[in-house]
Every structure is written in structure tokens, then in C-alpha cells.
Amino acid sequence: MAEPEKTPNAVASQEGVASPSSEAPATERKIPLILKIYGFLCMADGIITVPMVFIFLGIVWWAINARPDLISIGSDPTLPVILMAISIVVSLGNGIALIIFGHSLLKNRRRNAARWSHALIATTLVQIILRIMLEGIGTNLIADAIQLAIVLTLSVTVDPQLRHERHMKQVMRDLTDREAARAGMLGRDLEGKGYIELNFFNLFWVFTVCCVLGLIIETIYHMVVVDPGVYQDRAGMLFGPFSPIYGFGAVLMTVALNRFYKANPVIIFVVSAVIGGLFEAAVSWFMQTGFGAVAWDYSGSTIFGLFPDPVAVIFQGRTSTLFMCMWGALGFVWIKFCLPWLLKFINIIPWKVRYSFTTLCAILMLVNGVMTLQALDCWFERLSGTAGTTPVEEFYAKNFDNAYMQHRFESMTITPENSGRVDSSAMADAAAEPAAAGSSEAGAA
């Protein structure tokens, strides 16, 4: 006799989970008082922020007309002013999102609050990045970090019905994964819309493996082409053999090209080249703006030695035609050959520990990334002449001093005056004062 087909509710019951019909709708349960208070504070924050943004814009408009020299060099606005303008726009969006999110909590609209929490996550992350670029890493990030932690928590917990739906999806995913493993399709997109399933597990290992592979390729390229026979440490993180630009690039390539794995090679090449080149230019701009760091510069590149490389000129040396073509070739090789191999490799991780092991590795990689940014920030401050006074700054000055950082990041140079956080003219004046004092002392002698 054939075994009756199991429905999702029956599967969930076997896993010890109540079916959706057994739970009261989320809208019928009251929002806890602590969440109402938080919702009120969010609304108050947004109501204060929005008009303050417009007031600040008025002050800036007055400054533009009264003292344009304060915000521009010639006819071009200074980089800090551009970043500040972007920050104002993001703050306005964040304020509006806070008002709607807080109002949703007060009105017990849990599903709406969960949706707007994702908008707040995005605006808060952008605010953190902008603060790093303008002010560095320090206590200035505490408020945004707290907000991010709270909103991340609420995005998961504020709507119990949504949480139940997610748990049901997880139960069904586990069952599907077991079936896929038996069929030899584990990690593949079973719907046929792409080659690999785009989940955190797969994408994290794409990132990690490609951090290592990218570093190996770049190191060999430097030893063979750039400076034959000379080894240079091309690592991009404080610990381990990782170059995160290749990891993030591979994730972008995987997401963008996943549906193109059967497409024409020319299409794969062009999409890869555009995505890789734009990503490389964006990372270079962020590193220079936030830390005055330059790890690569293709200024002066030419096409076959005949005329200047137009791509290098447009992007101010942050990428070039040659390296965009290399990104294109890497994307083609990646999606056609490497991704199937990688999928087999990561599926070696035992079934019972794959998610817990991945979570542990992700936490370690996150700590590595945060410490790398902090070490770069402290290195930047030391080169800027800013004395470290906090325990964190003293820790990095003691354990990762200038000599260590220069040895670790051999391909990177930091020039604070080229960043968006330091006024180059002020640094020049500060450097001129000791020289002037020395001249006067010599004259007096």
C-alpha cells in the first residue's frame, strides 16, 4: 500500500512545530510595552531628524552663497562636502523610515514593521560606511551600531507569524536538501533558474575560497609580470591568506552570472568585465576616501602603447581596460569551470555540522574584517599625526604598529592628505609650522 503524501503541516508537526492554523494571527496579539516605547522613540527620532536635515540644508545653501570657498576648490566641491551631502540624503531617508517603522510598531502592524526594518538596516549600514569615511572608526559608530543590532533583531522577531513562516521554510529546506543530497543535486538550483542555490552557506564559501584563490593568482601575477622574481605579500586582511576584493567580486559574479551559466561566452565576458571593473573602482575609491589608502593605481596605462587607456582615464586609475578584461575572463572561467568544482568541494563539509561550522567561520571572518578596518584606521591616524589615546588605539599601536602594517600590506600606501577625512591644506600648514620654527631658531643662533 502506498504511503500517503506528507503535507507541510504534517512535516511541521513531526518536527514539533504547530501548523499555521493553530497560531493566532500576529495582528491579534498586542505589541509588548517595551516595543511600543522603542517605536515611540523611533518616531521621535525621525520627527526630529527630518526637519533638522532641512535646517542643515538651509545653512549649507547660505554657506554656498556667502562663503563658497569653504566648500570648494575652484569650481569643484571638496570630497568631504560630497560625502556630507550623501550622508544628509541618507539621514533624511533614515528619518522617514524611522517614523514609518515606529508608527507601525505603535499601531501593531507587525508585518509592515518587519518590512521597514529592512529599509532601516540598509540606511544604517550606509550611515556607518559614510561615518567611517568621514570620521574614522571610534565612538561615533556606537549609536548606529546599537540601532543596527536592534533593528536586525526586530526584523526577525517582531512578526511571530513571519517567524513561523520562516521556520516552516527552514524545515522544508532541510527536507529538500536531504532529497537533493540523495539525488546528487545538493547546493544546485533545483528550479533550473541558475546553477547554484544562492543561500548564505554557498555564498560564504564562495567568498572565502575566492579570497584565497584571488590572493594566489595576484601574487603569481606580480612575481611573473609586474616584478619578475620578487615576492610581495598581497594580502588584504590582517590575518590569514585572504584578499577580500576577490571574495566579494566572486560573490557579485556568482549572483549576477548564476542565470547565465548556459549563456553565450561573449555575454558572460562582458557582464563580468563591467561588474568587476566597477567593483574594483568602487573599492579603490572607498579605501582612498576613508583611509587615504592606495593599493593599486593604473594611471598612465595605455592601449598597446599607442594611446592612453580611456577606462583608466575615466576612473582616475582605479581600474583599466586590461584589468576589466581580466575580470571578464575570470568571470567566464569562474561560472563555467570553477563554480561546479567549488560546489563539489564545499559539499564535502559533513551534513550535521555544515551550518554550525559555517556560522563559526563567518564569525571569525567578520572579526578579521573588523580588526582589519580598525588597524587601517589607527595606522591612518598615526600617519596623520593624531596621537592614540583610547585603549583600542593603544592596542593597535602596540601590536600592529606602522612597521608591521607596512610589512603586512606591502602593496598599500597611505597618504592621509588624499583621504576625505583630512584637509590637505591644513596638513601642509601644520607641516610648515615646525619648519618655520626651525628656521627662526637657526636665524636667532
Response to the item:
Residue count, segment 231-248, condition farther than 16 Å from V367 by Cβ and either free of Cβ contacts under 8 Å to residues at least 60 places away in the same chain or among the β-branched types (V, I, T) (or both), comes to 6
Discussion item. Which pairs turn up if I take residues in segment 201-230 that are farther than 21 Å from F337 by Cβ and look for partners that are among the charged types (D, E, K, R) and in a helix (DSSP H, G or I) with beta carbon separation below 7 Å, at least 6 apart in sequence or on another chain?
Written reply: F201/R354
Worksheet item: Can you tell me which residues in segment 221-280 are of a type in the set (G, A, S), closer than 19 Å to G328 by Cα, touching a helix residue (DSSP H, G or I) at 6+ places or on another chain (Cβ under 6 Å) and not in a helix (DSSP H, G or I)?
Response: S243
Practice prompt. Filter segment 215-250 down to the residues that are within 19 Å of the chain's Cα centre (by Cα) and either of a type in the set (V, I, T) or at pLDDT below 90 (or both), then identify the one that is nearest to V370 (Cα to Cα).
Written response: G236
Fill in: Complete set of residues in segment 302-342 that are outside any helix (DSSP H, G or I), modelled with pLDDT under 90 and among the aromatic types (F, W, Y)
F304, F307
Item to complete: Would you please list the contacts, defined by Cβ atoms under 7 Å and residues six or more apart or on different chains, that run from a residue in segment 303-318 that is closer than 18 Å to F286 by Cβ to a residue that is assigned to a helix (DSSP H, G or I)?
Response: F315/A281; R318/E280; R318/A281; R318/S284; R318/W285
Worksheet item: Out of all the residues in segment 117-137, which are hydrophobic (A, V, I, L, M, F, W, C) and either touching a His at 6+ places or on another chain (Cβ under 8 Å) or closer than 11 Å to V90 by Cβ (or both)?
Response: A122, L125, V126, I128, I129, L130
Discussion item. If I filter segment 174-210 down to residues being among the aliphatic types (A, V, I, L, M), touching a helix residue (DSSP H, G or I) at 6+ places or on another chain (Cβ under 9 Å) and open to solvent by 60 Å² or more (accessible area, probe 1.4 Å), which single residue comes out as nearest to P241 (Cα to Cα)?
Written reply: L198
Fill in: Options S243, S272; residue that is surrounded by 14 or more Cβ atoms within 10 Å (Cβ to Cβ), among the polar types (S, T, N, Q) and within 30 Å of Y404 (Cβ to Cβ)
S243
Item to complete: Please enumerate the residues belonging to segment 343-400 that are surrounded by 16 or more Cβ atoms within 10 Å (Cβ to Cβ), small (G, A, S) and at pLDDT below 85.
Response: S384
Worksheet entry | S272 vs. criteria at pLDDT below 90 and of a type in the set (G, A, S) | no
Worksheet item: Yes or no: I303 buried (at least 20 other Cβ atoms within 10 Å of the Cβ), β-branched (V, I, T), more than 30 Å from G420 (Cα to Cα) and out of contact with any Cys (no Cβ under 6 Å at 6 or more places or on another chain)?
Response: no
Worksheet item: Which pairs have Cβ atoms under 6 Å, sit 6 or more apart or on different chains, and link a residue in segment 391-407 that is aromatic (F, W, Y) to one that is part of a helix (DSSP H, G or I) and surrounded by 12 or more Cβ atoms within 10 Å (Cβ to Cβ)?
Response: Y396/A375; Y396/C378; F400/A375
Practice prompt. Filter segment 182-200 for residues that are touching a residue at least 60 places away in the same chain (Cβ under 8 Å) and not in a helix (DSSP H, G or I) and give the result.
Written response: L186, G187, R188, D189, K193, G194, Y195, I196, L198
Worksheet, complete the sentence: Among residues of segment 101-118 being under 16 Å from Q147 (Cα atoms) and touching a residue at least 24 places away in the same chain (Cβ under 8 Å), the residue nearest to the chain's Cα centre (by Cα) is H118
Item to complete: Could you tell me whether segment 285-292 includes any residue that is within 18 Å of V251 (Cβ to Cβ) and surrounded by fewer than 19 Cβ atoms within 10 Å (Cβ to Cβ)?
Response: yes
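The values are calculated or read from the model by the stated rules, or taken from the named source; none is laboratory data. Being a predicted model, the structure only gives us computed values, none of them experimental. Positions of Cβ are backbone-derived with ideal geometry, glycine not excepted, and every protein chain shown enters the neighbour counts. What goes into the accessible areas is simple: the full protein's heavy atoms, side chains included, and nothing from ligands, DNA or RNA. Shrake-Rupley method; radii C 1.70, N 1.55, O 1.52, S 1.80 Å.
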